[in-house]
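K.L.:
Quick one: this structure, given as structure tokens, is what I'll be asking you about.
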Amino acid sequence: MFSHNTLRYLVLLMLSGGALFQAFAAEYFGLEILTEILILAMLVLALDIVAGFGGMVSLCHGALMGVGAYAFALFSTQFGATPLMAMGAAIAITGVAAWVIGAVCSRSHGIYFIMATLAFGQMAYSYIFEAPLFGGDDGLGGISRLDLSLIGVDLDDSRSFALFCLALLAGVYLMSVLILRSGLGRSLTGVMHNEQRMRALGLTVWRVKADVFGLSGMIAGLAGALTAQHIMYISPGLLGWTVSGEALVVVILGGLGTLVGPLVGAVAFVLLKHELSAVTTYWHLVVGVVLIAVVMSRANGIYGFIEGRWIVWQKGRGTNQTASHAAREAVSDA
């Protein structure tokens with residue numbers, strides 16, 4: 001069952017503190033980068049639930065985020081729904097779409113699962129690219145943000161919107177922990193480790209995979225609705241397979257199957273992208289080298305490397321304390 005250790009709490013505390021400091025101290029450009037990190041963090045949390053704890057490596061989560069963004073845009077700009085209703089509809093529609101994809105792909109594994117999810121993502125991309133309802137390759141604009149003026153919050157202000165995204169990310173993280181600690185989450189972990197045994201025990205495996213994929217899709221849909229509100233314009237590129245691939249890179253870079261790792265990966269990836277792109281247009285090459293180094297180190301990403309060193313240090317500390325205690329007892333007996 002998923003649990004937190006002291007290091008995970010420390011990392012979460014540091015990330016939260018850093019985000020709050022940035023939200024109150026940064027100017028416009030810094031706030032835009034912070035919001036980009038927070039939305040990406042939601043998407044990679046959604047991907048980590050299915051890939052890290054269920055072994056379902058998906059290449060359609062970028063498309064799911066795009067479905068959430070387009071659903072929000074359509075409901076709020078063309079169907080006359082309030083932004084709050086549009087946000088709820090976007091999350092629900094994306095969750096249903098993800099559940100169907102999870103159910104259809106549940107019997108495939110490994111490379112076949114990856115290819116099947118990639119096909120779903122490309123189908124969504126092609127349809128939206130061609131459909132006049134979605135604006136074709138011109139995309140959709142004129143998207144407004146939620147109206148929280150009743151509680152005195154103006155989300156058109158970049159600082160308020162960044163804090164709003166931070167609060168939602170905290171909620172998404174708690175929801176992810178609850179999912180993984182629930183019976184559904186424990187069943188998912190069992191399926192990942194031994195699907196045949198779980199089926200022999202009477203578990204409906206496809207339903208477990210579909211349910212978790214649907215919940216993960218709802219998180220991706222929320223990230224999409226926030227992306228639409230952040231940029232106030234969306235285009236079919238949001239559903240491209242490169243978005244899904246980028247999310248997978250972030251999860252691996254941070255630490256697959258840890259929940260905390262993808263948050264670290266989102267921070268590292270966005271900062272690397274903006275800092276390196278200011279120096280060279282070939283920043284993807286540098287990120288690629290970093291990713292190769294992380295994978296070859298077999299340390300499960302940046303957070304996995306830190307956690308590995310932490311465990312070694314904890315064991316060494318425990319051994320020293322035991323030896324010191326034994327020495328004191330020996331002196332006392334003498």
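The values are calculated or read from the model by the stated rules, or taken from the named source; none is laboratory data. Since the structure is predicted, the reported quantities are computational estimates derived from the model, not experimental observations. When we count neighbours, we look across all protein chains shown, and the Cβ atoms used for this are built from the backbone with ideal geometry, even at glycine. For the accessible areas, the whole protein counts, side chains as well, though only heavy atoms, and no ligand, DNA or RNA atoms are used. Shrake-Rupley method; radii C 1.70, N 1.55, O 1.52, S 1.80 Å.
K.L.:
Report the Cα centroid-to-centroid distance between the range 100-130 and the range 249-300 in angstrom, as an integer.
P.N.:
25 Å
K.L.:
Place +1 on the Cβ of every Lys and Arg and -1 on the Cβ of every Asp and Glu in the chain, take the dipole about the Cα centre, and give the residue among Met1, Leu180, Ala51 whose Cα lies farthest towards its positive end.
P.N.:
Met1
K.L.:
While we're here: Cα centroids of the range 231-245 and the range 9-23: how far apart, whole angstrom?
P.N.:
Between the Cα centre of the range 231-245 and that of the range 9-23, the gap is 28 Å.
K.L.:
Ok, one more. Under unit Cβ charges (Lys, Arg +1; Asp, Glu -1), what dipole magnitude, rounded to 20 debye, does the range 2-137 have relative to its Cα centre?
P.N.:
Magnitude of the dipole: close to 460 debye.
K.L.:
Still on this structure: Heavy-atom accessible area per residue, the range 259-333, 1.4 Å probe: how many Å²?
P.N.:
66 Å²
K.L.:
Take the alpha-carbon centre of the range 29-50, take the same for the range 151-220, and report the distance between them in whole Å.
P.N.:
When both Cα centres are located, 15 Å separates them.
K.L.:
On to the next question. Counting only Cα, what are the radius of gyration and maximum Cα-Cα distance Dmax of the range 182-320, in Å?
P.N.:
Final numbers for Rg and Dmax: 18.9, 59 Å.
K.L.:
With an 8 Å cut-off on Cα pairs and a minimum separation of 6 or more residues, tell me the relative contact order of the range 125-234 in percent.
P.N.:
Once divided by the residue count of the range 125-234, the mean separation gives 34 percent.
K.L.:
Here's something else I'd like to know. First select every other residue whose beta carbon is under 14 angstrom from the beta carbon of Ala26; then total the charges, Lys and Arg +1, Asp and Glu -1.
P.N.:
Net of charged neighbours comes to -3.
K.L.:
Still on this structure: Where Rh is the Kirkwood radius over the Cα pairs of the range 208-259, the temperature 4 °C and the viscosity 1.567 mPa s, what D in µm²/s does Stokes-Einstein return?
P.N.:
Answer from the Stokes-Einstein relation: 103 µm²/s.
K.L.:
Work through the residues other than Asp147 whose Cβ is under 15 Å from its Cβ and net out their charges, Lys, Arg +1 and Asp, Glu -1.
P.N.:
Neighbour charge sum, excluding Asp147 itself: -2.
K.L.:
Also: I want the local charge near Ile219. Using Cβ-Cβ distances under 14 Å, sum +1 for each Lys or Arg and -1 for each Asp or Glu among the other residues.
P.N.:
-2
K.L.:
Around Leu155, which amide H atoms from residues at least 5 apart in sequence, or from another chain, sit under 5 Å from its own amide H, with H modelled in the peptide plane?
P.N.:
Amide H neighbours of Leu155, under 5 Å, 5+ apart: Leu148.
K.L.:
Out of the total accessible area of the range 204-319 (probe 1.4 Å, heavy atoms of protein only), what percent is carbon and sulfur?
P.N.:
Taking all protein chains in place, the range 204-319 shows 71 percent carbon and sulfur surface.
K.L.:
How large is the accessible surface per residue of the range 138-237, computed with a 1.4 Å probe and reported in Å² as a whole number?
P.N.:
45 Å²
K.L.:
Next question. Heavy atoms of the protein only, probe of 1.4 Å, neighbouring chains included. What is the accessible area of Thr204 in Å², nearest 10?
P.N.:
Thr204 has an accessible surface of roughly 70 Å² with all protein chains in place.
K.L.:
Starting from the amide H of Ala299, placed 1.01 Å from N in the peptide plane, find each other amide H under 5 Å away whose residue is 5 or more places distant or on another chain.
P.N.:
Distant-sequence amide H within range of Ala299: zero hits.
K.L.:
Moving on to the next point. For the range 77-91, in order, what is each residue's ³J(HN,Hα) by Karplus, 6.51 cos²θ - 1.76 cosθ + 1.60 with θ = phi - 60°, in whole Hz (x at glycine and Pro)?
P.N.:
Per-residue couplings from phi come out as 9, 10, 9, x, 7, 5, x, 5, 5, 5, 5, x, 5, 4, 5 Hz.
K.L.:
Here is a follow-up. Taking a ≥ b ≥ c as the square roots of the eigenvalues of the Cα gyration tensor of the range 1-142, is the shape rounded (a/c under 1.5), prolate (a/b larger than b/c) or oblate?
P.N.:
oblate
K.L.:
Let me ask something else about it. For the peptides 24-30, 167-173, what is the packing order when you average, over each peptide's residues, the other Cβ atoms within 10 Å and list the highest mean first?
P.N.:
My ranking of the peptides, most packed first, is 167-173, 24-30.
K.L.:
Report the Stokes-Einstein translational diffusion coefficient (µm² s⁻¹, integer) for the range 119-275, Rh taken as the Kirkwood radius over Cα pairs, at 4 °C with viscosity 1.567 mPa s.
P.N.:
71 µm²/s
K.L.:
Going by accessible area, probe 1.4 Å, with all protein chains left in place, what is the ranking of Trp310, Trp99, Trp283, largest first?
P.N.:
Listed by decreasing accessible area, they come as Trp99, Trp310, Trp283.
K.L.:
Quote the charge dipole size of the chain about the Cα centre in Debye, to the nearest 20; the model charges only the Cβ of Lys and Arg (+1) and of Asp and Glu (-1).
P.N.:
1320 debye
K.L.:
Further question: Of all the Cα-Cα pairs you can form in the range 197-236, what percent are over 14 Å apart?
P.N.:
Cα-Cα pairs in the range 197-236 separated by more than 14 Å: 62 percent.
K.L.:
Hey, another quick one. In the chain, if the dipole is taken from +1 on Lys/Arg beta carbons and -1 on Asp/Glu beta carbons about the Cα centre, which of Ser277, Val191, Thr94 is farthest to the positive end?
P.N.:
It is Val191.
K.L.:
Using a simple charge model, +1 on the beta-carbon of Lys and Arg, -1 on the beta-carbon of Asp and Glu, nothing else, what dipole does the range 115-232 show about its Cα centre, in debye to the nearest 20?
P.N.:
Value, rounded to 20: 900 debye.
K.L.:
Among 311-322, 226-237, 116-127, what's the highest-first ranking by average C-beta atoms within 10 angstrom per residue?
P.N.:
226-237, 116-127, 311-322
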